[in-house]
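One structure is given below, encoded as structure tokens.
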Amino acid sequence: MPELEQELVALGRELAWPSTPAIATAVRSRITPRPGVLRAPWYQSRWALAAAALIIAVTALLAYNPTREAIADWVNVHVLFQRVNVLPTPSPQPPGPLGKRLGLGAQTTLAGAANDVTWHIEIPTSLGSPDEVYLELPPGGPALGEVTLVYSTRPGIPVAGETGVAVLITEARGGINDQFFGKMLGPGTNLEEVTVRGHHGYWVSGSPHQFVFIDASGTIKYETMRLATNTLILDDGGTVVRVEGNLTKARAIEIATSLG
């Protein structure tokens, strides 16, 4: 069965038809001549005209191959065939600070974080001042605390997923043990050793989800990679620095080189 015919049959099944009236009596009375009454020829009756119009419509449909929209408009059945060419707009981020939704600790300022830790917080000059700053102290955070710098958007750096964050820089006193990397790496995740400003580090590409390091008290700490994106891990003179974001290795090293 041709596609057009199939669609017309399906359309007929969906239309709500009225119940069939008892027309036999009415027809009989109309066709029985009454004395003194002249009747119009059969071809002038409303039923004949309607039948003729239907025959013309069906003939035109069979002779012409219109689009679905044209058929719907022509027979006036008010059926809309719609194709969505534009994807719906993503839902906006929920209100509130970006870092709060990532579980980074208590929101603070650079000055406030500097007063609460005993070590120097490094700021990347290539990114400028962070948009938000978070501090996590023991017992939830590592010994001597952990500071996270949040950069919401920066030119040339895509935002990571639905987090609204372009780059996260996390700093804590401690050290890196490469024996722990086996717990970090999963399918599709690669590890490469790097050196930044004479400091040993690792470039982890893919989607790492967990980070393991030794804090200043010698305790092994397990932390979640908040963005699950490419990450540069650096032992910067006793400060473990993580740079997370949709970054190339060159851009991540550039950011780490500008720390000061």
Query raised in the report: Where Lys and Arg each count +1 and Asp and Glu each count -1, what net charge lies around Gln107 among other residues with Cβ under 9 Å from its Cβ?
Result: 0
Query raised in the report: Amide H of His200: which non-local residues (sequence gap of 5 or more, or other chain) have their own amide H closer than 5 Å, using H built in the peptide plane?
Result: Asp235
Report task. Give the ranking of Ile176, Ile233 by solvent-accessible surface, highest area first, calculated with a 1.4 Å probe. Result -> Ile176, Ile233
Query raised in the report: Whole-Å semi-axes of the stretch 165-260's equivalent ellipsoid, largest first, each the root of 5 times a Cα gyration tensor eigenvalue?
Result: 18, 17, 12
Report summary line: Diffing the stretch 167-175: the Karplus 3J(HN,Hα) column from phi (6.51, -1.76, 1.60, θ = phi - 60°), in whole Hz with x for Gly and Pro, holds 9, 10, 10, 10, 10, 7, 6, x, x
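For Phe180 and Ser207, what is the calculated FRET efficiency with R₀ set at 22 Å and r taken between the beta-carbons, to the nearest 0.05? Don't skip to the end; give the middle numbers.
Details: r = 18 Å, r/R0 = 0.81.
With a Förster radius of 22 Å, E is 0.80.
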Report summary line: On the formula 1/(1 + (r/R0)^6), with r taken between the Cβ atoms of Lys249 and Trp119 and R0 of 25 Å, the FRET efficiency rounded to 0.05 is 0.40
Report task. Give the Rg (one decimal place) followed by the Dmax (whole number) of the stretch 87-230, computed from C-alpha coordinates and expressed in Å. Result -> 15.8, 51
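The values are calculated or read from the model by the stated rules, or taken from the named source; none is laboratory data. These numbers come from a predicted model, not from an experiment. Cβ: placed from backbone, ideal geometry, glycine included. Neighbour counts: every protein chain shown. What goes into the accessible areas is simple: the full protein's heavy atoms, side chains included, and nothing from ligands, DNA or RNA. Shrake-Rupley method; radii C 1.70, N 1.55, O 1.52, S 1.80 Å.
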